[in-house]
Amino acid sequence: MRIHYGYEKINLKKPVVTLGIFDGVHIGHKVLLDRLVSGAKVANGEAVVITFSPHPRMVLDKDSSALTFLTTMEEKITLLERARVDDLIIIEFTREFSRIPACEFVKDVLVDKIGTKHLIIGFNHHFGRRGEGDFDTIKKCTESMEFKIEQVEGFRTEAGPISSSLVREALLQGRLEEANKLLGYPYPVSGTVIEGRRIGRSIGFPTANIKPHDKHKLIPCKGVYAVEVILGTESYAGMLNIGSNPTVNSDPGFRSIEVHIINFDRDIYGSQISVVFRQRLRDEIRFDSVEQLAGQMELDKQSTIKLFS
C-alpha cells in the first residue's frame, strides 16, 4: 500500500475512492472496503482510502484531552493494508480545512487533485462544513461531472448498524468478546515497558508495566484479561490487569496496566510490547491479603494456559 501525506502531485490510475476516519477498521468498515477493492478491480484502477489526521474531534472539540480512539494511525495503516487498499491519502485536518464546503471539496480535491471517477461512501457518512456532505448532497454537486457515486449499506447486528462507538462502548463495559467480534480481530494495545513497584515479583508473579504509546488509545475497562504478549517476533501467553491494584494500593485514582508473561523471566524494561486481548477473565477484586491475591492469580494463570493450549 502506498501512503500519501496530502493530495498535491498525486498521480493515480482510475482511482475508486472512499473517505472517512475508519477508527477501528471494524467489520462494518470491512464491508465498505471490500466493495472499494472489488470496484477498483472492475475498473482496472486503484482502491484509494482518504482519511484525516489528527482526528477531527481533536481539532474541533473544546476539550480533547479525554478523547479516546480504537486505533492509532500506525494500527490503522496496518489494518487498511490488510484490507488490500492500494493507496492511502492522509489529509491534515485543521479548522480551516473543516470550513471547506462539501461540494467544493468534491470538485477541488476529489476530482481536480485526486482524479476520482467513482466515490463509494458508507450508509451514514457525512463530510465537509457542518457535515453537509451526505449522499444526496454529493449527487447534486456532481450532476454536471463525469462522476459515479455509490452508497454501501452498513453491516448490521441486532443492536443496529456497527459503528466505532458500539465497539468503544463494549470495551469500556467489559464486553470484550462482543468488541472483538465487531472488530473482526482481537483488540490490541502497544506501549513501552516501564519501571513499576515490583509488588508482583514479591508474590511470585512479576509483571511488566505498560505505558501506551498513544495517550488517546482506548484502554478497556478494569479487570483481568488473558492476553497474547508480543515482544519483537516472539509471542507469549499472559494475564493482564487493568486497574488500581486495590489489595496493595489505597489510591483509587491510580491506574496501571500490568501483564504477567507466563514462562518468561527476562529484564525487558524499556522494550516495546504489544498485548492482544483474547478473553476477559474477571473483575478486579480487593482481597484481604496478598496471599489470597496470589492464590487467585494462580487460578487466573491456569485459566490463561488452558485458553492458549
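The values are calculated or read from the model by the stated rules, or taken from the named source; none is laboratory data. What you see is a predicted model; the values in this text were computed from it and never measured. Neighbour counts run over all protein chains shown; Cβ positions are idealised from the backbone, glycine included.
Taking the conditions exactly as written (modelled with pLDDT of 95 or more, surrounded by fewer than 20 Cβ atoms within 10 Å (Cβ to Cβ), touching a strand residue (DSSP E or B) at 6+ places or on another chain (Cβ under 8 Å) and among the β-branched types (Val, Ile, Thr)), does Val49 satisfy them or not?
Considered against the rule, which asks whether it is modelled with pLDDT of 95 or more, surrounded by fewer than 20 Cβ atoms within 10 Å (Cβ to Cβ), touching a strand residue (DSSP E or B) at 6+ places or on another chain (Cβ under 8 Å) and among the β-branched types (Val, Ile, Thr), Val49 comes out as no.
Given the criteria assigned by TED's automatic domain parsing to the domain that holds Val111, closer than 30 Å to Cys221 by Cβ and touching a strand residue (DSSP E or B) at 6+ places or on another chain (Cβ under 7 Å), does His55 qualify? Don't jump to the end; show me each part of the working.
Details: assigned by TED's automatic domain parsing to the domain that holds Val111: yes; closer than 30 Å to Cys221 by Cβ: yes; touching a strand residue (DSSP E or B) at 6+ places or on another chain (Cβ under 7 Å): yes.
For His55, the condition - assigned by TED's automatic domain parsing to the domain that holds Val111, closer than 30 Å to Cys221 by Cβ and touching a strand residue (DSSP E or B) at 6+ places or on another chain (Cβ under 7 Å) - is met.
Which residues, taken from segment 58-81, are in contact with a strand residue (DSSP E or B) (Cβ under 9 Å, 6 or more places away or on another chain) and among the polar types (S, T, N, Q)?
Listed by number, the residues that qualify are Thr68, Thr71, Thr72.
So is Phe93 at pLDDT below 90, over 14 Å from the mean Cα position of the chain (by Cα) and either surrounded by 15 or more Cβ atoms within 10 Å (Cβ to Cβ) or hydrophobic (A, V, I, L, M, F, W, C) (or both) or not? Spell out the reasoning first.
Details: at pLDDT below 90: no; over 14 Å from the mean Cα position of the chain (by Cα): yes; either surrounded by 15 or more Cβ atoms within 10 Å (Cβ to Cβ) or hydrophobic (A, V, I, L, M, F, W, C) (or both): yes.
No: the conditions fail for Phe93.
Which of (1) under 30 Å from Lys107 (Cα atoms); (2) at pLDDT below 80; (3) not acidic (Asp, Glu) does Val152 not meet, given it meets every other one?
Exception for Val152: condition (2).
Within the group Leu70, Leu12, Leu60, which residue is modelled with pLDDT under 95 and either of a type in the set (D, E, K, R) or in contact with a helix residue (DSSP H, G or I) (Cβ under 8 Å, 6 or more places away or on another chain) (or both)?
It is Leu60.
For segment 173-185, what are the residues that are exposed (fewer than 15 other Cβ atoms within 10 Å of the Cβ) and in a helix (DSSP H, G or I)?
Hit for segment 173-185 is Glu177, nothing else.
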